[in-house]
Amino acid sequence: MSTEGSTRAIVAAMSANLGIAIAKFIAWGVSGSSSMLGEAVHSLADTGNQVLLLVGGRKSKKEADADHPFGHGRERYVYAFVVSIILFSVGGVFSLYEGFEKLQHPHALKNAWLPILVLVVSMGLEGFSLRTAVKESNHTRGKQGWVSFVRHAKAPELPVVLLEDVAALTGLLFAFAGVILTVITGNGIFDAVGTMAIGLLLVLVAIVLGLETKSLLVGEGASAADTERIRDAINAEPDVEALIHMKSLYLGPEELLVAAKVAFSPKKTLVEIAGMINSLEERIRESVPVARVIYIEPDIYLPQGDGNPSTDSIVIRGAD
């Protein structure tokens, strides 16, 4: 559901942005509005970004091989990070440059009705794209607030599309205000200020996207809630004496690696322990379905001071 929802949101955003970009370039060519040029480049960059997200999603499905034994799930993070760079460099920096140039050489707009019409239509199309992204995000965000969802989502596509759409709608409002004020006053400075506001907005969104995606690239573990579920699943196993140590890492948006050192009774045979480990893996996957790669290291629990470090994750069960 997460992958299908992400794809639907990306395709909706890409279709809207491509049509909007073409219309904006035409409006810029007719009117000479720098706000329209900044918005046109913004929409073109967004279209390219959505293509990259689709490519990243396709590449992440490649089978594991000798060079990538844990698969290619993180391709989605790499492409999302590239998106933030493109949004910053192409969209934000270009708009700032164009706005600065217009401040130096302001001029009145020609055929102002066209950019106004294009901006109004663009708001409608961007609103449709945002509505689709919100609808698909609601399937996975649960009771989280929107800020929390963007910050903690493991699948990067929906947060990226959400932020891009919000930035696009806000940028359209900036452009609309700049064009209207230029028409009313005949002063092209307002158009330039609108363009620079668009640039600053895109730079801010790009920085937020870059920081959030960087965290996923470096490697994030399971959420606190999922970590608790995994611990409870392990400690619920009757033959487990203690959970000594546990770590987790997302190999991709929908694949979590779990490694745990678990204490069993020293009286158990190797065959019995192997059966217990298999049972533990089933319990963990039932509790947290994305925990697809699980490594359980059997051990013997030693009280603190006997060479065994104290950790918050240790839960003692009575020995046989």
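The values are calculated or read from the model by the stated rules, or taken from the named source; none is laboratory data. Note that the structure is a prediction, hence the values are computed from the model and not measured. Glycine gets a Cβ as well: all are built from the backbone with ideal geometry, and neighbour counts include every protein chain shown.
Assorted remarks:
- Only residues that are modelled with pLDDT of 80 or more and under 26 Å from Val179 (Cβ atoms) were counted in region 53-92, giving 0.
- Unmet requirement for Ala206, which otherwise passes all of (1) surrounded by fewer than 19 Cβ atoms within 10 Å (Cβ to Cβ); (2) assigned by TED's automatic domain parsing to the domain that holds Thr182: (1)
- When residues in region 74-108 are screened for being touching a Pro at 6+ places or on another chain (Cβ under 7 Å) and either of a type outside the set (A, V, I, L, M, F, W, C) or within 30 Å of Gly188 (Cα to Cα) (or both), 2 of them pass.
Conditions (1) assigned to a helix (DSSP H, G or I); (2) touching a helix residue (DSSP H, G or I) at 6+ places or on another chain (Cβ under 7 Å); (3) aliphatic (A, V, I, L, M), marked per residue:
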site: Val193; (1), (2), (3): yes, yes, yes
site: Ala197; (1), (2), (3): yes, yes, yes
site: Gly210; (1), (2), (3): yes, yes, no
site: Thr213; (1), (2), (3): yes, yes, no
site: Glu220; (1), (2), (3): no, no, no
site: Ala233; (1), (2), (3): yes, yes, yes
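- Meets criteria (in contact with a Leu (Cβ under 7 Å, 6 or more places away or on another chain), assigned by TED's automatic domain parsing to the domain that holds Val134, buried (at least 16 other Cβ atoms within 10 Å of the Cβ) and outside any loop (DSSP other than H, G, I, E, B)) for Val41: no
- Qualifying residue in region 67-89 (condition: surrounded by fewer than 14 Cβ atoms within 10 Å (Cβ to Cβ), of a type in the set (Phe, Trp, Tyr) and in contact with a strand residue (DSSP E or B) (Cβ under 7 Å, 6 or more places away or on another chain)): yes
- Among the candidates Val150, Val161, residue that is surrounded by 19 or more Cβ atoms within 10 Å (Cβ to Cβ), touching an Asp or Glu at 6+ places or on another chain (Cβ under 9 Å), modelled with pLDDT under 85 and closer than 16 Å to Thr7 by Cα: Val161
- Pairs are defined by a Cβ separation below 7 Å, a sequence spacing of at least 6 or placement on different chains, a first member in region 159-178 that is of a type in the set (S, T, N, Q), and a second member that is part of a helix (DSSP H, G or I); the pairs so defined are Thr170/Leu201.
- Residue within region 114-124 that is among the small types (Gly, Ala, Ser), within 22 Å of the chain's Cα centre (by Cα) and either over 30 Å from Gly186 (Cβ atoms) or part of a helix (DSSP H, G or I) (or both) present: no
- Of all residues making up region 136-158, the number that are touching a residue at least 24 places away in the same chain (Cβ under 8 Å), in a helix (DSSP H, G or I) and either over 24 Å from Leu256 (Cβ atoms) or of a type outside the set (Lys, Arg) (or both): 8
- Residues that are surrounded by fewer than 19 Cβ atoms within 10 Å (Cβ to Cβ) and not small (Gly, Ala, Ser) were ranked within region 53-66; the one that is nearest to Ala23 (Cα to Cα) is Leu54.
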